[in-house]
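Here's the structure, in structure tokens; my notes come after.
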Amino acid sequence: MTFVTRISLQSGNRPALDRVVDRIRTTAERKGAELRGPHSAPPTDLSVPQYKTTGGDESRQFRSWDYTVYARQLEIVGHNDVARQVAEFEFPDGVHVEVELEQIEQMA
């Protein structure tokens with residue numbers, strides 16, 4: 001049985017996200033693991049309204065808070081030790097990480 005570790009990364013700080021992706025890539029290359037990606041999703045632009053009162057009176061608003069979220073996805077095929085090592089990295093505060101493990105059964 002083979003395991004595929006899918007790592008999804010999101011951040012509003014693109015340089016920090018790219019540093020994390022580069023660190024994962026170099027770790028996988030150094031250990032000889034099969035790495036798929038990074039796959040980039042189009043950036044998501046978000047806008048958050050900011051109200052002057054807690055009642056949500058829409059006539060009394062500050063300017064909306066606008067920001068962009070960048071996303072990358074990588075897959076490590078097999079090499080459970082590399083996947084475990086990557087999952088234990090100390091990630092920057094502004095980078096959201098999700099790790100998903102999928103078991104693939106090979107055809108006999």
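The values are calculated or read from the model by the stated rules, or taken from the named source; none is laboratory data. Given the structure is predicted, the values throughout are model-derived calculations rather than measurements. Here the Cβ positions follow ideal geometry from the backbone for every residue, glycine too, while neighbour counts run over all protein chains shown.
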**Prompt:** Name the residues in the range 1-18 that are loosely packed, with under 14 Cβ neighbours inside 10 Å and part of a strand (DSSP E or B), would you?
**Reply:** Thr2
**Prompt:** Can you name the residue in the range 52-92 that is of a type in the set (Phe, Trp, Tyr) and within 30 Å of the chain's Cα centre (by Cα) and is also nearest to Arg19 (Cα to Cα) among such residues?
**Reply:** Phe91
**Prompt:** For the range 60-82, how many residues meet the condition of being of a type outside the set (Gly, Ala, Ser) and not in a strand (DSSP E or B)?
**Reply:** 5
**Asked** Which one is surrounded by the most Cβ atoms within 10 Å (Cβ to Cβ) among residues in the range 33-82 that are at pLDDT 85 or above and aromatic (Phe, Trp, Tyr)?
**Response** Tyr70
**Item:** Residue ID - surrounded by the most Cβ atoms within 10 Å (Cβ to Cβ), chosen from residues in the range 83-108 that are assigned to a loop (DSSP other than H, G, I, E, B) and in contact with a strand residue (DSSP E or B) (Cβ under 6 Å, 6 or more places away or on another chain)
**Value:** Phe91
**Item:** All positions within the range 19-59 that are part of a strand (DSSP E or B) and touching a residue at least 40 places away in the same chain (Cβ under 8 Å)
**Value:** Glu34, Leu35, Arg36
